[in-house]
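What follows is calculated from the coordinates using simple rules that are stated; it is not laboratory data. The model shown is predicted, which means the values in this text are computed figures rather than measured ones. When we count neighbours, we look across all protein chains shown, and the Cβ atoms used for this are built from the backbone with ideal geometry, even at glycine.
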Amino acid sequence: MSQDQPQRALGEMLTSRQKFLLMNSLMMTMFISALDGSIVTTATPHILADLGGFKLLSWVFTVYLLASTVVVPLVGKLSDMFGRKPFVLVGIAIFVAASAASGAAPSMVALIVARAVQGVGGGILFGCVFATLGDLFTPIERAKYMGYFIGAFTLASLTGPTLGGFLTDGPGWRWCFYINLPVGAVAAALIWFNLPFTQNGGKLSQIDFVGAFLLSGATVAVLLALVWSNDEFGWSSAETIGLFVAGGLLLLGFVFQESRHPQAIFPLSLFRNRVFVQANLLVAIQGAGMFGAITYLPTFIQTGLGASATSSGLVSTPQSLGLLATSIIGGQIVSRTGRFKYQVIFGAVVTAIAAFLMQTLDVGVPKSHIVLFMALFGLGSGLVGPTISVVVQSSVGQELMGVATSGRQFFMQIGQVMGVAIFGLVFTTSYTSTFTADIPAAVRTQIPADAFASFQDPTLPLDPVHFDAVRQEVLALPNGQTAFNDAVTSQKKAVATAIERLFLGATLAGLVVVVLAVVMTEIPLRRTFSSLTPEGEGPQAFEPVVVELG
């Protein structure tokens, strides 16, 4: 195709009916990926009962996050060059095949390996789906339709636990993975017939695989350091420090490689783009502060309040519903006005207020208060997250849509892992120090050392077998009932204190997000597909080559 030929974007080549069908295809694709996270959690006790390997349990979830985070940047670049369709289809195929392997896993190790492969497929899907949305609609239209994608994600989050419980209690936990097979087949068929095959040109040999390897190595090293720092080795251990040092060196090598490669995975020019940097810094800090704190909320609800696992799971429902409502409403407002800054500021303020209110949680607090505060979290997040996705995509040229979209996903996930690791350290240290200081000295000396050590684990009440063994050991002592009651009371107070400190950290992170929202540069959201250079210096012609439709 001649460079002088009039150019049109993909969204201008499709009819309204084709866009409608493609939208539903993409939402179905994202639904299967989002469903997996919520449905598997419900099956965890039965997986352990069948496969064992309690110490490896966290890796069922951690390895998925690691794999999906690592693959995102490379897929963004490849899909920009070679088109979204093949990568979406490959992502579905990998995800479905790994789901089948997970369902058939004979051991915990086999399940973890299958989950790693599944994470690769999930990372491909998330990166490509939102990039395709950017190809399909102009920036100002994108704000409106982003809410529907959030709706698909929310539906998966809401239905996943119930469906997981039904499948686990019925045909068995393995069907929590097998369910992805028919749903994935439908999604693949919809994508095959409705997503055009477009490509921008390029050769595989032009891809910066060295840079991809360096970035992947740096990401894995840092994420492993964060994941292992609290539970395995400790923050000051040689292993943790070594992983952080290795991650830093690999990152320096990546920066050097990107500065000299013509097809960089993450062009360094993006980091001279003020809006791109501001937006990704905002989502990373919000992910660290909000996601990191909320991750430990179920422990407080089940331990500090004595509620069931089902009740603690239902607490996320108002957050999801609030996020869904404001993402749709906010998207409509942005698409009508073309302005986003005040909406992001307001959403950031609401989430910061919600984090501040969560500091009032204490033993005996009504669960209705938590429901209200979580609803506020959702309402604020719905005004920020989807809007920032549109801002990130609008800050770059159309030819960098996949790179920018993947970058947003990458930095958000890095922020979430950092938040979970850092807040995990705050939670455990706060709990231990508070419990040790609060428990009566007479009880501390009376309780056997092994039982006292068990009480220093805030998740003790969540393991009924272990908790009952500790209870029987303490009750056998003279005045054992009083000692046991005092220990349990101190444990509940310590968990409440720890969660208060977590949300103090979340409040501080929320205030930083508010500041970033205030100083963020508001760029005009284009009503056409005319793109801007990464530095925003002017219009730039771009058109994908349409190879196939249907």
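So for V350, V392, fewest C-beta neighbours within 10 Å to most, what's the order? Present the calculation step by step, with values, prior to reporting the outcome.
Values: V350 23, V392 27.
Fewest-to-most ranking of V350, V392: V350, V392.
Run down the lysines and flag those whose C-alpha is under 25 Å from the C-alpha of K492, throwing out any fewer than 8 positions away in its chain.
Result set, ordered by chain and number: K55, K367.
When the C-alpha atoms of the chain are aligned to their principal axes, what extent does each axis show, in angstrom, from largest down?
Between the extreme Cα coordinates on each principal axis of the chain lie 91, 50, 45 Å.
Can you give the FRET efficiency for F209 and T360, using 1/(1 + (r/R0)^6), R0 = 60 Å, r = Cβ-Cβ distance, to the nearest 0.05?
Using R0 = 60 Å, I get an efficiency of 0.70.
How many nm separate the modelled label positions at L475 and T159, each set 7 Å beyond the Cα in the direction of the Cβ?
4.4
By what distance, in whole Å, do the Cα atoms of region 208-262 stretch along each of the three principal axes, largest value first?
41, 13, 9
Where in the chain are the DSSP H helices whose C-alpha atoms run 24 Å or more along the long axis and whose mean Kyte hydropathy is at least 1.0?
On the way: long enough: 16-51 (50 Å, 0.71); 57-82 (38 Å, 1.47); 85-103 (27 Å, 1.69); 108-136 (41 Å, 1.65); 139-169 (46 Å, 0.42); 209-231 (33 Å, 1.63); 238-260 (33 Å, 1.12); 316-337 (31 Å, 0.51); 341-358 (26 Å, 1.68); 367-394 (40 Å, 1.31); 401-438 (54 Å, 0.69); 480-519 (59 Å, 1.06).
Counting only whole DSSP H runs, the qualifying helices are 57-82, 85-103, 108-136, 209-231, 238-260, 341-358, 367-394, 480-519.
How large is the direction-averaged shadow of the alpha-carbon convex hull of region 432-494, in nm²? It would help to have the intermediate numbers written out before the result.
Numbers: hull surface 14.3 nm².
Result: a mean projected hull area of 3.6 nm².
Grab the beta carbon distance between T482 and W235, set R0 = 45 Å, and tell me the FRET efficiency rounded to 0.05. Please report the intermediate quantities before stating the final value.
Details: r = 37 Å, r/R0 = 0.83.
Result of the calculation: an efficiency of 0.75.
Expressed in nm to one decimal, what extension gain is obtained for the pair D468 and F61 from 0.36 nm per residue of sequence separation less their Cα-Cα distance? Don't skip to the end; give the middle numbers.
Details: separation 407, 0.36 × 407 = 146.52 nm, distance 2.76 nm.
Full extension of this stretch gives 143.8 nm more.
Let's test the formula: R0 of 60 Å, r as the Cβ-Cβ distance of W192 and A442. What FRET efficiency results, to the nearest 0.05? Working shown, then result.
Values: r = 71 Å, r/R0 = 1.18.
Rounded to the nearest 0.05, the efficiency is 0.25.
What does the extension gain come out to for Q18 and R260, with contour length at 0.36 nm per residue minus their alpha carbon separation? Kindly include the intermediate steps, with their values, before the conclusion.
Numbers: separation 242, 0.36 × 242 = 87.12 nm, distance 4.08 nm.
Net length gain for the segment: 83.0 nm.
Amide H to amide H under 5 Å from F197: which residues, 5+ apart in sequence or cross-chain, H placed 1.01 Å off N in plane?
V547, E548, L549, G550
What GluC sites (Glu not before Pro) does region 183-280 have in DSSP loop regions with at most 14 other beta carbons within 10 Å?
Working: sites: E232, E239, E258; in loops: E232.
The qualifying sites are E232.
By count of other Cβ within 10 Å, fewest leading, how are I353, I179 ordered?
Listed from fewest to most nearby Cβ atoms, that is I353, I179.
Mind checking which lysines have their Cα closer than 26 Å to the Cα of K85? Skip sequence neighbours fewer than 8 apart in that chain.
Within the straight-line limit of under 26 Å, K85 reaches these lysines: K19, K77, K144, K203.
Counting each DSSP H run of 4 or more residues in the chain as -39500 (n - 2.57), what helix-only mean residue ellipticity at 222 nm follows after dividing by all residues, to the nearest 500 deg cm²/dmol? Numbers along the way, then the final one.
On the way: 21 runs with 407 residues, N = 550.
-25500 deg cm²/dmol, from helical runs alone.
Cut-off is 10 Å between beta-carbons; in what order do I265, I328 appear when sorted fewest neighbours first?
Values: I265 27, I328 19.
Final ranking by Cβ density, sparse to dense: I328, I265.
Averaging sequence separations of C-alpha pairs under 8 Å and six or more residues apart, then dividing by the length of the chain, give the relative contact order as a whole percent. Intermediate values should be presented prior to the final figure.
On the way: 923 pairs, mean separation 127.8, N = 550.
In percent, rounded to a whole number, it is 23.
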